[in-house]
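Participant: Attaching a single structure in structure tokens format; questions to follow.
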Amino acid sequence: MRIPTGIEGFDDLVQGGFLTERVYVLSGPPGSGKTTFGVQFLAQGAAMGEVGLYVTLLECPQNIINDMSNYAMNVPTLIKMKKLLFADLGPRMEYGYMDELNEFITTDYNVGKSSIESEAPSPSMVFKEIAAYVSEYDVKRLVIDSVSAIRFTTKDLSLQEKEMSRFIRNLKKLGCTTLLLSEMTDPTAYSTEQFAAHGVVFMHNFLYDKTMTRALQIIKMRGTKHDCNMRSVTFTDKGLKVEGYLE
């Protein structure tokens with residue numbers, strides 16, 4: 001079964017959408033559109049009645065909510081309907097932060113469930129908290145921002161690859177269609193999560209003929225005939241839009 005991503009022009013490149021209950025990696029440099037892609041994907045599912053969860057490990061949820069509310073995705077409404085949830089699993093941004101956002105993000109979010117105040121969460125801690133959310137709210141679509149933050153919490157470099165492989169293997173058992181955001185900037189320097197994931201999409205943001213250009217490229221998509229060429233990407237009132245070949 002395939003589900004629409006909500007990204008105009010993207011589903012036509014992947015036979016109608018993502019395969020359900022699989023894990024996909026969305027990589028790219030800053031400003032390439034990863035966060036917008038992730039929220040747009042969740043908002044599409046929420047509009048169809050599927051609960052979506054955006055897990056942030058770097059940015060505070062309120063900033064993401066404010067930014068995404070500028071698009072015609074109905075983000076505030078979907079949050080109030082409890083179809084779109086945001087969870088901050090990174091280090092606490094400030095004392096009392098989650099208390100102030102309590103009713104706006106999830107009405108019964110428990111600060112005690114989050115990670116230790118001054119420490120970044122480990123992959124196992126992140127997974128346990130995500131699994132609890134998935135079970136409690138019957139989450140069907142999941143975005144984790146970002147997998148790079150989880151990778152760097154593993155102090156022993158020799159264990160990083162093993163931990164990431166284990167993390168993704170467990171994500172596959174949650175029953176969600178999952179999108180992992182990654183700050184990787186070199187599309188030829190592949191990581192463990194990209195080999196382990198069912199699909200890899202790379203977002204480009206570069207100077208092209210004296211103009212900053214955004215583009216999208218599907219690197220890998222298991223079980224799916226897909227377009228491998230670089231496609232231009234634009235931002236519209238509704239979010240990202242994938243257009244024609246970048247010549």
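The values are calculated or read from the model by the stated rules, or taken from the named source; none is laboratory data. Because the structure is predicted, anything quoted here is derived from the model rather than measured. Here the Cβ is made from the backbone with ideal geometry for all residues, glycine too, and neighbour counts use every protein chain on show. Side chains included, ligands, DNA and RNA excluded: accessible areas come from the protein's heavy atoms. Shrake-Rupley method; radii C 1.70, N 1.55, O 1.52, S 1.80 Å.
Participant: Once the Cβ-Cβ distance between GLU161 and ASN63 is put in as r, and R0 is 51 Å, what FRET efficiency do you end up with, to the nearest 0.05?
Facilitator: 0.95
Participant: Tabulate in residue order the Karplus-calculated ³J(HN,Hα) for the stretch 9-15, using 6.51 cos²θ - 1.76 cosθ + 1.60 with θ = phi - 60°, rounded to whole Hz; enter x for Gly and Pro.
Facilitator: Computed from phi, the couplings for the stretch 9-15 are x, 7, 4, 5, 8, 10, 6 Hz.
Participant: Sticking with this one: Between ARG222 and MET1, 0.36 nm times their residue separation minus their Cα-Cα distance comes to what?
Facilitator: 78.2 nm
Participant: Report the Cα centroid-to-centroid distance between the stretch 59-84 and the stretch 223-244 in angstrom, as an integer.
Facilitator: Value for the Cα centre distance between the two parts: 22 Å.
Participant: 7 Å from Cα along Cα→Cβ at both LEU207 and ASN170: what's the point-to-point distance in nm?
Facilitator: 4.4
Participant: Modelled label-to-label distance, ASP138 and MET230, 7 Å Cα→beta-carbon offset: nm?
Facilitator: 4.4
Participant: From the Cα gyration tensor of the stretch 12-88, with a ≥ b ≥ c the square roots of its eigenvalues, which class applies: rounded if a/c is under 1.5, or else prolate if a/b is larger than b/c, or else oblate? If you can, show how the numbers build up before the last one.
Facilitator: Numbers: a/c = 1.59, a/b = 1.14, b/c = 1.39.
In terms of gyration-tensor shape, oblate.
Participant: For the stretch 1-95, what is the accessible area per residue in Å², given a 1.4 Å probe and the full set of protein chains? Can you show the working numbers first?
Facilitator: On the way: 3600 Å² over 95 residues.
Value for the stretch 1-95: 38 Å² per residue.
Participant: Roughly how many nanometres apart are two label points built 7 Å out from the Cα toward the Cβ at LYS128 and TYR245?
Facilitator: 5.2
Participant: While we're on this one: Just reorder SER146, SER135, SER232 by solvent-accessible area, largest first, 1.4 Å probe, all chains present.
Facilitator: Numbers: SER146 0, SER135 95, SER232 25 Å².
Greatest to least solvent exposure: SER135, SER232, SER146.
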